[in-house]
Structures are given as C-alpha cells and as structure tokens.
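Below: the structure, in structure tokens.
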Amino acid sequence: MENALAAKLAEQGLSKADIETVKTQASSNKRSLVAAIELLNKLPEKKMLEIMSAYYRVQSINLAQTSLRSSVLSVLPARLAQTYRVVPVDKVGNNIIIATGNPKNLHAADRIRFSTGYNVKFILASEKAISVALHKYYSSKITFQSGAPSQQDADKKSEQEVYAIKTKLATYENKVIELVDKIITQCYQRGASDLHVEPYKNYVRIRIRVDGILIELLRTQIHMRNAMVSRIKILCSLDVAETRLPQDGNLTVKVDNDVIEFRVSTMPTVFGEKVVFRLLDSSALAVDMMDLGFEREDLNNFRDAVLKPWGLVLVTGPTGSGKTTTLYSALQTRDTATENILTVEDPVEYTIDGVNQVQVKPKIGLDFARALRTFLRQDPDVIMLGEIRDIETANIAINAALTGHLVMSTLHTNSAYETITRLISMGVAAHYVVGALLCVVAQRLMRKLCQSCRQVDKVDPEFLMQIGIRQELASKITIYKEGGCKDCDGLGLKGRVAIHEVLSMSEPLYNAIIRGENSNALRKVGIETGMHTLRQAAILKMINGIVPISEVLRVTTDE
C-alpha cells in the first residue's frame, strides 16, 4: 500500500492498527485492498469507492443501483466471473466493462480477453456488491443440451427392451434427474476434473477429483444405480440396453452462461456399470507460460527452446501432471498467423483457433506415425505430437526435427534425464538424439496451501536436511502446514502448482550421450550445467510458503 493511500485512510479515521491490518491482508494475497478495507466496516461504501477510485485511477460504480442486461452478462462465462469475482456491466464497441474490486488484476484481464474476445476495461465496485451480483446473476442453474437417442436408434431395440428401460426410468425419474443434476453441478462448482459414479454391493458412491485427489461427494441407495446410469446414457446418446461392454460418449451441459463439455466413459463391473465423467475445460488451457509455475531460469530455457525454428522439445510426466497444458501454452507463443501449426492427438479434447488438429483413429489405420508422415507433406512449421509411443513414431519425430521443423511431444518417464536413455533404449540412435533434442521438461503437480488458513509448521531442522535443504538454511526458514477453513472446505489445501525439471542440451551433455552414459551420469551432468531437480523445485515452493512438506514427500522422491 502506498503512503498516500495510507494517509488518505488515516484522514477518514482509520487507526494505524487498522491500516496495518489492511496492508497485511492485501500483501498476503488473502483478499484485495477493497475487500480488506470493507472488512473493517469503518468507511461508508461511497467514501471507500471515492478513495479507491482515485488510488486506482479508474471510475467506480454502485452495482446495487445498476441494472445489468442479460446480453452483457451472457458474454462472460460464470466460471470466470466467480473465479475472479468480477461482473460485466456494459459493452462498448470491442470493449467490455468489468466491475472488480481489484483493477490491477492483469491476469484476470488476460483470461477474460482470451475467453470473450473483448478488450477489458475495469471499473471499481465494492466487494460486497460484487458478491450480491454474482449470487443474483451467476448462481448455478443447469440444463442439458444433449438430446435423447434418436428414433432410429430406438427402433434397433426390441419393444420389450424399450418398454423395460422406460419403465425403470419412470420409476425413479424425478429423483434420478435431481441427483444427476446435483452431482454434475457440484463437479462444476468445486472445480473438479473428474466425476466417478461407482456401484458397490449395497450402495452407489459418487466421488469427484479435485486438485488431483478423489473426494467422496455422497452415497446413494443401490436401487438408484441402474436408473442413474440409464439417465446418463440417454443424455450422452449411448446404448441404454448394452450393459456388458464399455461405451464412450460426450455430454454438453449448460450451467448458467457456461457451456461445459464432458467426456463420458462407462465400464461394466461386478456390481453394475461404473461411469466416469472427464471435464473438458478449455479455459484451463488458456494459461500464459508465466503462470505455469516455472522458476525464472527454467522458464527462460524452456521459452528459448519452443521459440527455436527447428528441433525436438519433450515434456514428460505421469498422466494428469499437466503436460497438455504446458504444451498448449508453448503453442500460444508461436504465431498462428504466419506459421503452419499442426497437432495430432488422442483424443483432441480442445480445439484451438488457427491450429490444424488431427485426432488419431487406429481402427482405420490413422495412427500417430501415419499422421506424422502426412504432416511432413503439409508444409509444417510446428508439429505437436500427443505422445511418442513406439520406435516408428520416435524416428519420424526425430527426422522431422532434423529437417527444419519444431516438434513438441510428450513421453512417459520419471525424470528429464531418463527421457534420453528411454529414447535410446527404444532404438533411436544416440547421434540422432544429440542432433535433434533441444530441451526436456519433467513435470509434476502439487497441491497448494490455502493462503487463508495456513499455519506455521514446526519441523526438526535435521529432518529438513534429510530431504535436501542445506544446513545453513534448515534452522532459519519458516515452513507452513495445512490449516482448514471454509475457503478450502476444511482441507487446508486449495489449487495446484506445477514443479519442473528442465534439462537443456549442452556440450557436456552431448558428449555424455555419445559416450553412452547411463541416466545417473546424465543427471549429474545436468545438475552441473544448471538443471534443478524435481525435489529441488518442490523444496523451493515449500520455502516460499506455497506447498506443505507433506506434498514435497508425496510428489517427489529422495535424491
């Protein structure tokens, strides 16, 4: 907080203790300056807006006395409005006027501009008024846009099958519709990535995956099982009568002004069909590389690699570690107007304007290798390959990188340095790896501490030294642990952050690869030339108060 603002608040009767409280709340990112001042409840809203409007040099608005048009509200997806606590109040030409309590939130402005296509102009409003408007205009109401199976599909079944299905649905129809609506709404509202409907002997368990961890949402009676699954299948246009084989489908759901896509998979189990929804949130991929969690030096190395005119860049890590987000963020640094960018994926979950995307179809012979061979006849500049799975695909990707194209892909290995030995063990010649490879990024996701309730954790310095912290730091640093509050549903953890191990190619590394050194030797060379390991990256996040020690131990291994 600037001294001029502190003086202005003091003029209005706020004590030094009050001003210090505002500073602390705002500097710790628990809330905006406006919210921190409002929380004191010592200034009238009009006076507070007047002061903060002058401070931010933007106009202010009394939302409570402003009528908002649905045509304006519909421009901004509900999830963005709720995430960034903003409300659209007007459209002027190619600009959208957004009421906010924090006009300096440039990240919010970028995400809104990316999502809506409008330039963002912030206007100041009180946080209390924004809360009321969000509840009034963006409370969750769910409707399904997918239809029931066509009459042609129904005609393929016997009258007896159709009658039995309809009778079973009718028995529990109201309860089932309400329950399915409820769990999908909860999945959306809590920012879950997946929703599981799991049948057991005496009950059906509903779980959602939030920040990479499955949480039980509720249990329902076993007699609801078949009706729930049938309801879901009808919404996804799947075969209701087929219960013996797995099925895959898609579901489009409209929650307020947000259109949400789900990929749905059913699987027969001992006690009935299990259903898993995967939320396909395209806004999650609209992430600037600065927001991916890279340390500055690692980010510079990665950015340098993805901006090269040719070569191979690999991102490695387990399923669900954010590799796709990192690759798509890298693609956004390229110029889609002047470059031909091609991707081959399995499946294509998100479409990107200006990028030519291909989905593999193994049943008809369209696999990664065949798509890549075709790409090379399509005058490409940048190629993104969903995954290198076999030697044929690896060799084509390497040859493409060596013949003047930038190729980005993923590989399933545990570390950056093991990626090199994996390629060689697959059958790629070492001199081809040396000639093509620019950079390897190993990535993991860690759950972040809730900044509203984190607590100081008293950890034995000896233990800190055991996990990799230098002796001179072990007794000086402050470590935080999980608390528990309403902001994080009592978990003490909220959101996730990525950690990275970036191995950039260097002359010592080239020589080690040609000599046929093993992964441990390559790791040593990487560290000597500036690579930070995953454990080191995790420890740095812990020292900065972003993650607890429990996440460091859960996600990374002892080195």
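The values are calculated or read from the model by the stated rules, or taken from the named source; none is laboratory data. Treat the numbers as computed from the prediction; the structure is a model and nothing was measured. When we count neighbours, we look across all protein chains shown, and the Cβ atoms used for this are built from the backbone with ideal geometry, even at glycine. Ligands, DNA and RNA are excluded from the accessible area calculation, which covers all protein heavy atoms including side chains. Shrake-Rupley method; radii C 1.70, N 1.55, O 1.52, S 1.80 Å.
Report ³J(HN,Hα) in whole Hz for each residue of segment 68-75, in order, from the Karplus equation J = 6.51 cos²θ - 1.76 cosθ + 1.60 where θ = phi - 60°; Gly and Pro get x.
Rounded to whole hertz, the list is 9, 8, 5, 5, 7, 4, 5, 5.
Which one, Ala10, Gly495, Asn95, is farthest towards the positive end of the dipole of the chain when Lys and Arg carry +1 and Asp and Glu -1 on their Cβ?
Working it through, the farthest residue towards the positive pole turns out to be Ala10.
Post the alpha-carbon centroid distance, segment 468-495 to segment 223-239, in whole angstrom.
43
What list of ³J(HN,Hα) couplings, whole Hz, do you get for segment 33-43 from phi and the Karplus terms 6.51, -1.76, 1.60, once you set θ to phi - 60° and write x for glycine and proline?
After applying 6.51 cos²θ - 1.76 cosθ + 1.60, I find 4, 4, 5, 5, 5, 4, 4, 5, 6, 10, 10 Hz.
Return the distance in nm (one decimal) between the two label points of a simple spin-label model at Lys476 and Ser506, each offset 7 Å from Cα along Cα→Cβ.
Label-label distance for Lys476 and Ser506, simple model: 2.5 nm.
About its Cα centre, what dipole magnitude does segment 357-409 give when the only charges are +1 on Lys and Arg Cβ and -1 on Asp and Glu Cβ, stated in debye to the nearest 20?
In total the dipole reaches around 220 debye.
Between Gln455 and Ile527, what is the FRET efficiency for a Förster distance of 25 Å, r being their Cβ-Cβ separation, to the nearest 0.05?
Computed FRET efficiency for Gln455 and Ile527 comes out at 0.15.
Past 23 Å, Cα to Cα, is the threshold; run Lys182/Lys233; Lys201/Lys274; Lys308/Lys524; Lys494/Lys524; Lys47/Lys128 against it and keep the listed order.
Exceeds cut-off: Lys308/Lys524; Lys494/Lys524.
Would you calculate a helix-derived [θ] at 222 nm for the chain, using -39,500 (n - 2.57) for each DSSP H run of n ≥ 4 and dividing by the full residue count, to the nearest 500?
-11500 deg cm²/dmol
Quick one: Cα convex hull volume of the chain, Å³ per residue?
Convex hull volume per residue, Cα atoms: 199 Å³.
Excluding same-chain residues fewer than 8 positions from Lys481, which aspartates and glutamates have a Cα within less than 15 Å of its Cα?
Straight-distance partners of Lys481: Asp457, Asp460, Glu551.
Is there a quick way to get the dipole size of the chain? I mean about its Cα centre, with the Cβ of Lys and Arg at +1 and of Asp and Glu at -1; what is the value in debye to the nearest 20?
1420
Using a 1.4 Å probe on the protein chains only, how many percent of the accessible area of the chain belongs to carbon and sulfur?
Its accessible area is 47 percent carbon and sulfur atoms.
Give the aspartates and glutamates whose C-alpha is closer than 19 Å to that of Lys91, dropping any in the same chain fewer than 8 places away, or say none.
List returned: Asp110, Asp258.
Please list Thr220, Thr529, Thr393 from largest to smallest accessible area, probe radius 1.4 Å, with all protein chains kept in place.
Thr529, Thr220, Thr393
What does the C-alpha gyration tensor say about the overall shape of segment 512-559? Classify as rounded when a/c is under 1.5, otherwise prolate if a/b is larger than b/c, or oblate.
Prolate, because a/c is 1.5 or more and a/b exceeds b/c.
What dipole magnitude, in Debye to the nearest 20, does segment 438-559 give about its Cα centre under +1 on Lys/Arg Cβ and -1 on Asp/Glu Cβ?
Roughly 360 debye, rounded to the nearest 20.
Taking the dipole about the Cα centre of the chain, with the C-beta of Lys and Arg at +1 and of Asp and Glu at -1, give me whichever of Thr421, His196, Gly293 is farthest to the positive side.
It is His196.
Among the aspartates and glutamates, which fall within straight-line cross-link reach of Lys23, defined as a Cα-Cα distance under 16 Å, with same-chain neighbours fewer than 8 residues apart omitted?
Glu2, Glu38
Which are the unpartnered cysteines of the chain, meaning those with no other cysteine Cβ under 4.7 Å from their Cβ?
Cys187, Cys236, Cys439
How many nm separate the modelled label positions at Lys23 and Lys104, each set 7 Å beyond the Cα in the direction of the Cβ?
Label-label distance for Lys23 and Lys104, simple model: 1.4 nm.
Nearest-5 percent of antiparallel DSSP beta bridges in segment 338-414?
Here the share of antiparallel DSSP bridges comes out near 10 percent.
With θ set to phi - 60° and the Karplus curve 6.51 cos²θ - 1.76 cosθ + 1.60, what are the ³J(HN,Hα) couplings of segment 269-280 in order, to the nearest whole Hz, using x for Gly and Pro?
Computed from phi, the couplings for segment 269-280 are 10, 4, 9, x, 7, 8, 10, 10, 9, 10, 6, 9 Hz.
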